[in-house]
Amino acid sequence: MSDIPEIDIEAFARARETTAQVLDVREADEFAAGRVPGALSVPMSELQDRVSELDEGSEWLVICRSGGRSLKVCQFLAGRGYSATNVAGGTLAWINSGRDIELGS
Amino acid sequence: MGSDKATLIVGGMPLADRVAHAMEAVGVLSPFTVGAESLESSTTASSSLPNVADRWPLEGPLGGLVTALGAPEVGAETHILVLAVDLPYLTPHALAAFVAECHDRSSGAPETSFLAERESGLALPCGLWSTGRRAGLEASFSSGERSVRRSLSAVSFQAISVGEEFRDADDPGDMP
């Protein structure tokens, strides 16, 4: 069983309003097609090289398309001392909740 | 070989895809390649697999191995199956036998890697590698070493006998 904390989309929407930051780990084309407003894009395939871009003192809310990749990224970040929470349901859940999205690169 | 071996078509598909097919047949859920980042997308131009950008492109297999062991795609796995892309003779049956032997030996040994060994010697980088030993391998790389073979002192491993299905292709004459 994973020890990674996980939140649903409603809890995510509330957490976004705090100092927590949103990390979107989908690929660039997915990110451009629609994302949570204000999310930082670091594709999972690039994360190992770019992890130093992430503030170690921040709480990271990690999101992907549906929650699979983001869970692995949370495990990766947790192993490196980051505070990371997986967003269950991912961007699909955000879109389905009817909330605003950003488009474009 | 003079060209990217992953792109070579053998039996109607790129070599990388042949290896991936064998991996998926033995239950590997999310195979990926490690290589130079594609200019178009995260999918290599030569394969249908997602690609993880090699942290040290063109620096040899040790860097690729360290990249694979540390990739977020690995999640919380204690071991990952690593295969070279140029294994034109690899069959799902041969790979399944190797994986089964590794699993029999790996219980309670998260820090031990299990490396394929042909009659001619270790078939590096093919093996079930312990992710817990990534730091030691990365330290070897950082010290200037580029050979997986010369970095084996950084890992605890057991050799698993395999057949010629694990024979790699160094030149066109090696192709079936």
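The values are calculated or read from the model by the stated rules, or taken from the named source; none is laboratory data. Since this is a predicted model, take the numbers as computed values, not measurements. No Cβ is skipped: glycine too gets one built from the backbone with ideal geometry, and neighbour counts run over all protein chains shown.
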Regarding the range B:139-152, can at least one residue be identified that is assigned to a strand (DSSP E or B) and farther than 16 Å from B:Val26 by Cβ?
no
Failed item, numbered, when B:Ser140 is tested on (1) more than 25 Å from B:Ala16 (Cα to Cα); (2) in contact with a Gly (Cβ under 7 Å, 6 or more places away or on another chain); (3) modelled with pLDDT of 95 or more; (4) not basic (Lys, Arg):
(2)
Please pick out the residue among B:Phe98, B:Phe141 that is buried (at least 20 other Cβ atoms within 10 Å of the Cβ), in contact with a Leu (Cβ under 7 Å, 6 or more places away or on another chain) and of a type in the set (Phe, Trp, Tyr).
B:Phe141
Single condition A:Glu56 does not satisfy, out of (1) surrounded by fewer than 22 Cβ atoms within 10 Å (Cβ to Cβ); (2) more than 20 Å from B:Ala68 (Cα to Cα); (3) touching a strand residue (DSSP E or B) at 6+ places or on another chain (Cβ under 7 Å):
(3)
Select from the range A:24-38 the residues that are under 13 Å from the mean Cα position of the chain (by Cα), in a loop (DSSP other than H, G, I, E, B) and more than 24 Å from A:Asp3 (Cβ to Cβ) and write down the one among them that is modelled with the lowest pLDDT.
A:Glu27
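Is it true that B:Glu117 is within 14 Å of chain A (Cβ to nearest Cβ) and not in a loop (DSSP other than H, G, I, E, B)?
no
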State yes or no: is B:Ala139 away from every other protein chain (no Cβ under 12 Å) and under 22 Å from B:Ser161 (Cα atoms)?
no
Yes or no: A:Leu40 free of Cβ contacts under 8 Å to residues at least 24 places away in the same chain and more than 14 Å from every other protein chain (Cβ to nearest Cβ)?
yes
Between a first residue in the range A:51-75 that is at positive phi and a second residue that is of a type in the set (A, V, I, L, M) and assigned to a loop (DSSP other than H, G, I, E, B), which pairs have beta carbons less than 7 Å apart while being 6 or more apart in sequence or on different chains?
A:Gly67/A:Ala88
Give the range B:99-114 a look and list any residue that's assigned to a helix (DSSP H, G or I) and farther than 20 Å from B:Val148 by Cα, or say none.
B:Val99, B:Ala100, B:Glu101, B:His103, B:Asp104, B:Arg105, B:Ser106
What tally of residues in the range A:46-96 results from selecting those that are assigned to a helix (DSSP H, G or I), polar (S, T, N, Q), under 14 Å from the mean Cα position of the chain (by Cα) and within 14 Å of another protein chain (Cβ to nearest Cβ)?
2
Close pairs from the range B:1-22: first over 19 Å from B:Gly60 (Cα atoms) and among the charged types (D, E, K, R), partner surrounded by fewer than 21 Cβ atoms within 10 Å (Cβ to Cβ) and modelled with pLDDT under 85, Cβ under 9 Å, at least 6 apart
B:Asp17/B:Ser48; B:Arg18/B:Val10; B:Arg18/B:Gly11
